[in-house]
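Taken together, the values in this text are just the output of simple stated rules run on the coordinates, not laboratory data. This one's a predicted model, so the numbers in the text were calculated from it and none came from an experiment. Neighbour counts are summed over all protein chains in view; Cβ atoms, including those assigned to glycine, are modelled from backbone coordinates with ideal geometry.
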Amino acid sequence: MPFLQLPPFVIALIAAELTPSELNSLLRSNGWLKELLTPALLQIAVSDPENIGKKALKTAAEAGGISTVQLLARMGLPGLLKEGHHISHIYSEQIPKGICTLLNSEMFSIEARDRLGRTPLFIAAADNPSAVRCLLTFGAQPNIPDLADHTPLMEAAEHDAGDIVRLLLNDRRTRVNQGDWTGRTALYLAARWGCENATEALLEDYRTDINLEAWLLAVERNLNTPLKIARAHGHKRVVDLLLKRPDIIDGERPNRWIRTGPGYFGI
């Protein structure tokens with residue numbers, strides 16, 4: 001008897017013994033088998049969570065399959081993954097449609113933190129403005145730090161992502177002057193690494209305290225403000241941006257710039 005003429009319960013029993021590639025071939029040849037093969041496919045996803053399972057969640061998210069995501073979640077798939085309830089690790093691309101599907105399934109927390117303490121917003125803040133916009137729309141908290149005490153705004157600043165800095169600052173919940181455990185703010189970090197785009201974006205917001213001192217660095221050495229650290233590392237363009245702010249406090253004398261190689265360094 002041809003396979004497709006077998007009773008449905010027999011097909012379901014056979015499907016449970018097939019490999020993923022064999023099941024895929026059946027689905028490609030006959031779409032009406034979908035309902036019969038779904039239980040077997042779901043079981044395979046759960047049996048290999050880090051590979052097939054994660055791919056199944058990602059595919060369902062991209063397709064807008066909220067019910068499929070919910071079904072996989074109810075089968076316990078997220079709990080079998082290393083970072084199971086963290087949408088950024090399930091769906092690293094973080095395209096808005098996929099984010100919306102996962103969050104609308106009500107099976108995942110927007111504030112889930114991975115082993116480094118990073119939220120989905122923190123990860124997106126490095127280089128994914130569309131994901132940042134989507135997550136903020138869903139109400140993601142913008143000030144949750146990672147284990148290094150850095151916030152999403154600091155992450156965006158260190159990656160010189162000026163557009164993302166602006167998105168975060170447009171959310172009035174964002175604390176622009178929040179510091180890490182040493183007192184370094186997003187502006188300080190942008191100045192330290194010569195991130196011109198991020199510095200410019202931060203300076204557009206007059207809530208930014210341009211003279212705020214990193215308290216621990218004030219004890220250890222005299223490079224405790226954004227201006228001082230930018231000068232010390234030869235980031236002249238950043239220094240120029242900082243000096244344009246009318247509220248800047250500049251204790252340096254102009255003749256304290258010396259050439260010590262390819263850049264200028266303050267002494």
| Of the peptides 134-142, 42-50, how do they stack up when ordered by the mean number of other Cβ atoms within 10 Å, highest first? | 134-142, 42-50
| query | Residues of the range 67-92 with amide nitrogen under 20 Å from the 7 Å Cα-to-Cβ point of ASP163? | reply | 92
| said: Based only on other Cβ atoms within 10 Å, what is the fewest-to-most ordering of GLU158, GLU62? | reply: GLU62, GLU158
| message | Only sites in a loop by DSSP and with at most 14 other Cβ atoms within 10 Å count here; which chymotrypsin sites (Phe, Trp or Tyr not before Pro) in the range 149-246 make the cut? | response | TRP181, TYR206
| query | Looking at the range 111-249 from every direction and averaging, what is the projected area of its Cα convex hull in nm²? | reply | 7.7 nm²
| Using a simple charge model, +1 on the beta-carbon of Lys and Arg, -1 on the beta-carbon of Asp and Glu, nothing else, what dipole does the range 111-249 show about its Cα centre, in debye to the nearest 20? | 180 debye
